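Trainee: Below you'll find the structure I mean.
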Amino acid sequence: MQTKFLLGALLAFVFPLGAQERAAAPRVIHLGTALDHLTAIEFGEPVDLVAAGSDAFDIQRQGDKVLIKPLAAGVATDLLVWTRTRRLIYELDPAGEVNRMNFAVDSRIEAKTAIETRTPPEPAADSLMTRAFLAALPVASSGVHDRRDGITVRVEHVLFSKSSVYLHCSIRNLGRGSYTVMTPRLERLFVAHPAVSLVGRRRSQLTDSEMGKMRGLRSFPISATSVQVSSEQVAPGETAEVVIAVGQPLDSIALLSLTFAPYGTHSVQAFVVL
């Protein structure tokens, strides 16, 4: 199993990056201004772009500095500044008394503080890794044997969240030619007369022989909301890892079939009881 791929896929599905970024709100720096007076901000590196929400301020950039002069009273606006390595957000307060304005602002220190605030601490990332690994439950597949001169799919782990199910599979190629991994067709299976107790086989993979003895099968398609593959091409003797996200909750003891692209004239399938 390719541990780095599995971890990255699980983190991407269960702990989206956008949610982590939203946890840290951007820092807004207030600046006081006064009519007929300049406020200068120094960044310590070249300023690439400035943008303001109102033309009531005359804003100019010169090298590593931004010069601000209010043109009207009673107007406030935001100011965004991009340097080579940073983005800073300011709120320009309405022009007021000279003794309360900011004449010169050293944003080299402010920028460093803002960057450190937005950087996720390493222990938090470690915590996410631990949670992802602990949440993934192993799936028994001892009865599934590798196909000689063919493709074997094993369901290795299952992970349940409040609204989704995630399946981690390995695809081993013992054939003579390369195999292309494509998005599988997923189906929920209902069995009128099961040949084995599904309750007793919870979180295990059924063999083709066991599935052949099932009677009264009905299938209903389900959709995969996302599929991540460690490698789309699987050379002979190699194994690829696949993580499939199903964007809907499933009842316990649910029987699923996963049908991948055929290998020559042979079908490539896996059957798992959750």
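Trainee: Could you check the stretch 195-206 and list, in sequence order, the residues that are within 20 Å of Glu156 (Cα to Cα), surrounded by fewer than 17 Cβ atoms within 10 Å (Cβ to Cβ) and not aliphatic (A, V, I, L, M)?
Mentor: Gly200, Arg202, Arg203
Trainee: Kindly indicate whether Glu210 is surrounded by 15 or more Cβ atoms within 10 Å (Cβ to Cβ), closer than 18 Å to Gln248 by Cβ and acidic (Asp, Glu). Lay out the reasoning, then the answer.
Mentor: Working: surrounded by 15 or more Cβ atoms within 10 Å (Cβ to Cβ): yes; closer than 18 Å to Gln248 by Cβ: no; acidic (Asp, Glu): yes.
Criteria not met by Glu210.
Condition check ((1) in a loop (DSSP other than H, G, I, E, B); (2) more than 33 Å from the chain's Cα centre (by Cα)) across all residues:
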position: Ser142; (1), (2): yes, no
position: Thr152; (1), (2): no, no
position: Arg176; (1), (2): yes, yes
position: Ser197; (1), (2): yes, yes
position: Gln205; (1), (2): no, no
position: Met211; (1), (2): no, yes
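Trainee: What tally of residues in the stretch 154-174 results from selecting those that are in a strand (DSSP E or B) and closer than 19 Å to Gly237 by Cα? So that I can check it myself, show each step before the final result.
Mentor: Step one: filter the stretch 154-174 for residues in a strand (DSSP E or B), giving 154-160, 165-173.
Next, only the ones that are closer than 19 Å to Gly237 by Cα stay: 154-156, 169-173.
Selection size over the stretch 154-174: 8.
Trainee: Filter the stretch 81-95 for residues that are surrounded by fewer than 17 Cβ atoms within 10 Å (Cβ to Cβ), modelled with pLDDT of 90 or more and of a type in the set (D, E, K, R) and give the result. Step through it out loud before you land on a result.
Mentor: Residues of the stretch 81-95 surrounded by fewer than 17 Cβ atoms within 10 Å (Cβ to Cβ): 82, 84-85, 87, 89, 91, 94.
Now narrow it down to the ones that are modelled with pLDDT of 90 or more: 91, 94.
The one that is surrounded by fewer than 17 Cβ atoms within 10 Å (Cβ to Cβ), modelled with pLDDT of 90 or more and of a type in the set (D, E, K, R): Glu91.
Trainee: Which pairs have Cβ atoms under 6 Å, sit 6 or more apart or on different chains, and link a residue in the stretch 181-209 that is without any contact (Cβ under 8 Å) to a residue 40 or more places away in the chain to one that is loosely packed, with under 14 Cβ neighbours inside 10 Å and not in a strand (DSSP E or B)?
Mentor: Ala195/Lys213
Trainee: Same structure, new question: So which of Leu189, Leu217 is surrounded by fewer than 17 Cβ atoms within 10 Å (Cβ to Cβ), part of a strand (DSSP E or B) and touching a helix residue (DSSP H, G or I) at 6+ places or on another chain (Cβ under 9 Å)? So that I can check it myself, show each step before the final result.
Mentor: On the way: Leu189 fails: surrounded by fewer than 17 Cβ atoms within 10 Å (Cβ to Cβ).
Of Leu189, Leu217, the one residue that is surrounded by fewer than 17 Cβ atoms within 10 Å (Cβ to Cβ), part of a strand (DSSP E or B) and touching a helix residue (DSSP H, G or I) at 6+ places or on another chain (Cβ under 9 Å) is Leu217.
Trainee: Working only within the stretch 159-194, note down all residues that are modelled with pLDDT under 90 and more than 21 Å from Ala261 (Cα to Cα).
Mentor: Leu159, Phe160, Ser161, Lys162, Ser163, Ser164, Val165, Val191, Ala192, His193, Pro194
Trainee: Any residue in the stretch 218-238 that is assigned by TED's automatic domain parsing to the domain that holds Arg176 and closer than 15 Å to Ile171 by Cβ sitting within a Cβ distance under 6 Å of a residue that is modelled with pLDDT under 90 and of a type in the set (Phe, Trp, Tyr)? List the pairs, counting only those 6 or more apart or interchain.
Mentor: That search, which allows pairs on different chains as well, returns Ser230/Phe5.
Trainee: Considering only residues that are assigned to a loop (DSSP other than H, G, I, E, B) and more than 19 Å from Arg188 (Cβ to Cβ), which ones fall in the stretch 228-248?
Mentor: Step one: of the stretch 228-248, the residues assigned to a loop (DSSP other than H, G, I, E, B) are 230-232, 235-238, 247-248.
If the condition is that a residue be assigned to a loop (DSSP other than H, G, I, E, B) and more than 19 Å from Arg188 (Cβ to Cβ), then Ser230, Ser231, Glu232, Ala235, Pro236, Gly237, Glu238 are the ones that fit.
Trainee: Could you list all residues from the stretch 212-226 that are modelled with pLDDT under 90 and among the hydrophobic types (A, V, I, L, M, F, W, C)?
Mentor: Residues satisfying the conditions are Met214, Leu217, Ala224.
Trainee: May I pose another question? Restricting to the stretch 46-80, give me the number of residues that are surrounded by 15 or more Cβ atoms within 10 Å (Cβ to Cβ) and not polar (S, T, N, Q).
Mentor: The total comes to 16.
The values are calculated or read from the model by the stated rules, or taken from the named source; none is laboratory data. Keep in mind that what you see is a predicted model, and the values were worked out from it rather than measured. A quick note on method: Cβ atoms are made from the backbone with ideal geometry, for glycine too, and the neighbour counts reach across all protein chains shown.
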